[in-house]
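The structure under discussion appears below in the form of C-alpha cells.
Bear in mind that the values in this text are calculations on the coordinates, not laboratory data. Values in this document were obtained by computation on a predicted structure and should not be read as measured data. Don't worry about glycine lacking a Cβ; one is built from the backbone with ideal geometry, like all the others, and counts go over all protein chains shown.
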Amino acid sequence: MPFSRLFACLSLALLAACGAPKVEEAPPPVVPPEYQAVQDGEFLIPAVEPLHLFDGQNQRTEVAYNGPEDAGSIVVDTFARKLYYVTEPGRAIQYAIAVGREGLSFRGTGYIGRKAEWPNWQPTANMIRTRPDLYAEYAGGLPGGLDNPLGARAMYLYRNGRDTMFRIHGTIDNASIGRATSAGCIRLFNQDAIDLFNRVDSGAFVRVRTQEESLELEGPYMDDAYGRAVPDTPENQARVITDRELIAQEELNRIEAERVAAEEAAKQAAKDEKRRLRICRNRGIDEVDCPTLAELTGEVQDAALEGIAAPQG
C-alpha cells in the first residue's frame, strides 16, 4: 500500500476515534439553596437530601390558592400531604408534610396557641401506653436539639383555649416527608419549619381539610409503592405495580445476599474451629481448656496465656 494511502487510512481511523461520543456520568443532584445545611444558633441543620425532595414535588413553593381562608391562615391537607400558608387572596406557600397514621391525625379547626424554637419534647401518656418500647425512656422529656423529634421549630395547636397535644413541627426524619408515618403531628423539613415559623403569627387560624374538601380542591390522591402521596392517575397506578415488583425483587436479592453471607460465615467459623482445636492439640492443651482462636493467634493479648507455650520437641 502506498505510504500516502496508508497515512490517509490512519488519519481517518484517528479522526473516527476522536469523534466517538464520550459517555459522561450524570452530575450529582443539586440541593436547592433553601434546603442546604444551615447554622441555627448552636445547631447545624443538615441539608435535605435531593432524594427526599422527590423530584421537586416536596419542595417549598409559592402557588395559586383556591381555598376560602384568609391571609395568615394555615390549611393542612392530610390526603395530599400538603400544608398551605395563605399569603394573600389567591396565593399561598405550599409545603410538603408528613402526617399521622390512619386515625391519629388532628382534625377540624384550631389555632396556633404558642410557638417554640428548638422545643423540648415529651411523649404523651397515650404514646407511652401504646408503644412503651419506643417512648417509655423519654417519659421525663428530651431537650431541644438535632436528635429531638420536634426538630428546629414547633407550632402548638390549640382549640377552645386548650392544648390539643398536636403540633406542626420540624423533623429529624427527612425520609418521612410525604408519608403517613407520624404519631399524629404534622411534620415538615426543618428548613420548612423555620420558614413557616417566621411567617405565621401566634393565634393564626388552622384548618385540616376533610376528605371531601381535599377531593374537591386537590383531586384524588393515592400512595405510591414507597408510601408517598401522589395524584391518583393511570400513570401512577401503573408505576405502583412496576415499583412494587422492583421492591420485591430487591428484597429477594437482599435475602439471597444474606443467605450467601451467612453460609460463608458458617464455613469460615467451621474452619476457624478446626484450626483452634488443631493448635491446642499441638500445644498439648485439653479441648475443654482450649482458648479462643484470637487468643491463640495473639490477636488478643491475655496475660493468662503468657505461660502457655508450645511443647518443646
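Quick notes
- The region of the chain that goes longest without hitting one of the GluC sites (Glu not before Pro) in a DSSP loop, each with at most 13 other Cβ atoms within 10 Å, is 103-298.
- The helix-based estimate of mean residue ellipticity at 222 nm for the chain, built from -39,500 (n - 2.57) per DSSP H run of four or more residues and divided by its residue count, is -10000 deg cm²/dmol to the nearest 500.
- Spin-label model distance (nm) - THR124 vs LEU215, 7 Å beyond Cα toward Cβ: 2.8 nm
- Of interest is the spacing of the C-alpha centroids, which for region 105-153 and region 196-262 amounts to 24 Å.
- Counting DSSP beta bridges with both ends in region 153-291, the antiparallel % (nearest 5): 80 percent
- Fraction in percent of alpha-carbon pairs per bin - 5 Å, region 244-297: 4, 18, 17, 13, 10, 8, 8, 7, 6, 5, 3, 1
- Structure-derived Kirkwood radius over Cα pairs in Å: which label, when the choices are [x] 24.9; [y] 21.0; [z] 20.4: [x]
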